[in-house]
Amino acid sequence: MDHFALKDGVLHAENVPLPRIAEDVGTPVYVYSRATLERHARVFSESVAGAGKGEPLIAFAVKSNPNLAVLKVLQQQGFGADVVSGGELRRALAAGMAPEKIVFSGVGKTRAELQLGLTSRIGQFNIESLEEGRELAEVARGMGLTAQAALRINPDVDAGTHDKISTGKADNKFGIPLVRAREAFDELSALDGLNLRGVALHIGSQLLDLTPLETAFAKVGQLVADLRGAGHTITHVDLGGGLGVPYREGENPPSPAAYGEMVKRVTADWDVILTFEPGRVIAGNAGVLLTRVVRVKRGVRDPFVIVDAAMNDLARPALYGAYHGFSSVTPDGSQMTANIVGPICETGDTFAMGRDCDALSAGDLAVFRTAGAYGATMASSYNSRGFVAEVLVDGDRHAVVADRIDAGAIMDAERVPEWLE
Ligand code: LLP
């Protein structure tokens, strides 16, 4: 459920009419709803409450929406953060997230990033290779510290999602193959500077079925038992993120409640503290991309609705062929079939072909829905279009939470060397 709805024929974010935001901030602009973020956070928290030993840690996947105001809303809901770079780590800390609630994932953490995690006293490093584990131990020893760590394993499970966002198959770059986990544990747990205390996994994103998750979790349960049998102490398991959201009408992903029940059932006798890393399920439906129709151009078959948002602002359709709902901000009930495209000079800049949607003409406002996750964060400045602005709505007020960075500001950071003058 979200808080984007028609009131008196005008699409609102909570109590704010979207045309007001377009007037204030211009378009394209991402609009997030605080009430929706809070609701999703609450529903997820309630769904996993009681899973594992003590209270689980919910570490929001910052990559899905790293905006500081969004992180602040979630920090106030008791969330920590799953970060994958020094930049994300700095954001989580800046949003007031407790260091011990921060988990650092990613296959390519640099020495500087390992050091930053250590000096920040983060709660856990999810180590993705033997090589990384050795380096982390060495860096920590050099600083006179001990890194808290879990070993990310690759369970070789097909998550049944888009190939580019599957992470748990044997030939994906993530984690250590299950068969080598025992050997890695034996070596790494003997190192000073490292307290290897758990296991982590994440098999993919936008999962519409719980079965692959359950299969992967069961493998982790077996591994935990094997590791304990070999004398290792396992106190933590990080189950990653991945829960899908409905992008299309009729798409029916598993509910957080069903996910929570499955987790409780599978992990009942694990006796560990659990961590979750949800991203999309928290932020996806909490945001829309508000755009204005530049013009409608006649096509050979369907007309082209050319909007002022483009693939640089919302990359998912171009990258993954992803579907985003598209609707008018002031629908009058009439419909059209259209190709919805941005102004960028490549055919990849197409949001939808032959889409049945609200009738639109030049100057109208429209939204791409379910754009709160993996939206603004994946923006670029391709075609020198600048970076899109972001707004957070709270009841009947709204605030710009990320300025639009125009093409001029980006150009200001560039230099022509003297020897070219
Ligand atoms: N934890 C780890 C280690 C991850 O790699 C990810 C996402 C998550 C948690 C959060 O997964 P979620 O709950 O959001 O599914 N750009 C793509 C999605 C990439 C996801 C990468 N990893 C998209 O737009 O669909």
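Some points to look at:
- Residue count, segment 325-348 (criterion: within 30 Å of His40 (Cβ to Cβ) and under 29 Å from the mean Cα position of the chain (by Cα)): 7
Yes or no, residue by residue, for (1) touching a strand residue (DSSP E or B) at 6+ places or on another chain (Cβ under 7 Å); (2) surrounded by fewer than 20 Cβ atoms within 10 Å (Cβ to Cβ):
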position: Arg248; (1), (2): no, yes
position: Glu261; (1), (2): no, yes
position: Leu274; (1), (2): yes, no
position: Gly279; (1), (2): yes, no
position: Asn285; (1), (2): no, no
position: Leu289; (1), (2): yes, no
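- Segment 264-287: number of residues that are touching an Asp or Glu at 6+ places or on another chain (Cβ under 9 Å) and either away from the ligand (no atom under 14 Å from the Cβ) or among the aliphatic types (A, V, I, L, M) (or both): 5
- Exactly one residue among Ala352, Ala371 is under 21 Å from Arg248 (Cβ atoms), in a strand (DSSP E or B) and in contact with a strand residue (DSSP E or B) (Cβ under 9 Å, 6 or more places away or on another chain), and that residue is Ala352.
- Filter pass, Asn15 being farther than 30 Å from Asp271 by Cβ and surrounded by 18 or more Cβ atoms within 10 Å (Cβ to Cβ): no
- Thr291 vs. criteria at pLDDT 95 or above and within 12 Å of the ligand (Cβ to nearest atom): no
- Evaluated against (1) within 16 Å of the ligand (Cβ to nearest atom); (2) touching a strand residue (DSSP E or B) at 6+ places or on another chain (Cβ under 6 Å); (3) of a type in the set (S, T, N, Q), Thr330 falls short on exactly one condition, (1).
- Matching residues, segment 172-192, being over 23 Å from the mean Cα position of the chain (by Cα) and open to solvent by 10 Å² or more (accessible area, probe 1.4 Å): Pro177, Leu178, Val179, Arg180, Arg182, Glu183, Asp186, Glu187, Ser189, Ala190, Leu191, Asp192
- Set side by side, the residues Leu201, Leu208, Leu243 differ, and just one is in the same structural domain as Phe125 (by TED's automatic domain parsing), within 16 Å of the ligand (Cβ to nearest atom) and open to solvent by 50 Å² or more (accessible area, probe 1.4 Å), which is Leu208.
- Asp163 being among the charged types (D, E, K, R), in contact with a Ser or Thr (Cβ under 9 Å, 6 or more places away or on another chain), within 16 Å of the ligand (Cβ to nearest atom) and open to solvent by 30 Å² or more (accessible area, probe 1.4 Å): no
- Restricted to strands (runs of 3 or more DSSP E) entirely inside segment 29-130, those with at least 2 residues that are within 15 Å of the ligand (Cβ to nearest atom) and open to solvent by 10 Å² or more (accessible area, probe 1.4 Å) are 57-61.
- Test: residue in segment 224-239 that is more than 12 Å from the ligand (Cβ to nearest atom), of a type in the set (S, T, N, Q), part of a helix (DSSP H, G or I) and open to solvent by 60 Å² or more (accessible area, probe 1.4 Å): no
- Among the residues here, Ala309 does not qualify as touching a Lys or Arg at 6+ places or on another chain (Cβ under 6 Å) and under 28 Å from Val70 (Cα atoms).
- The residues on offer are Arg134, Arg152, and the sole one that is over 21 Å from the mean Cα position of the chain (by Cα), assigned by TED's automatic domain parsing to the domain that holds Ile273 and of a type in the set (Lys, Arg) is Arg134.
- If you go through segment 294-320 and keep only what is away from the ligand (no atom under 11 Å from the Cβ), in a loop (DSSP other than H, G, I, E, B), open to solvent by 10 Å² or more (accessible area, probe 1.4 Å) and in contact (Cβ under 8 Å) with a residue 60 or more places away in the chain, you end up with Asp308, Met311.
- Taking every residue in segment 354-367 that is of a type in the set (S, T, N, Q) and pairing it with any residue that is open to solvent by 40 Å² or more (accessible area, probe 1.4 Å) and modelled with pLDDT of 95 or more, at least 6 positions away or on another chain, the pairs with Cβ-Cβ distances below 6 Å are Ser361/Val296.
- Failed item in (1) part of a loop (DSSP other than H, G, I, E, B); (2) surrounded by fewer than 16 Cβ atoms within 10 Å (Cβ to Cβ), with Arg265 passing the rest: (1)
- Reported count of residues in segment 379-421, each being open to solvent by 40 Å² or more (accessible area, probe 1.4 Å), of a type in the set (A, V, I, L, M) and under 18 Å from Lys72 (Cα atoms), is 3.
- Here Lys169 clears all of (1) open to solvent by less than 10 Å² (accessible area, probe 1.4 Å); (2) out of contact with any His (no Cβ under 6 Å at 6 or more places or on another chain) except the condition numbered (1).
- Considering residues of segment 343-354 that are within 25 Å of Gln206 (Cα to Cα) and crowded, with 17+ Cβ neighbours inside 10 Å only, the residue nearest to the ligand (Cβ to nearest atom): Phe351
The values are calculated or read from the model by the stated rules, or taken from the named source; none is laboratory data. Remember, it's a predicted structure, so these values are computed and weren't measured experimentally. Backbone-built Cβ (ideal geometry, glycine too); neighbour counts: all protein chains shown. The area values use the complete protein model at the heavy-atom level, side chains included, leaving out ligands, DNA and RNA. Shrake-Rupley method; radii C 1.70, N 1.55, O 1.52, S 1.80 Å.
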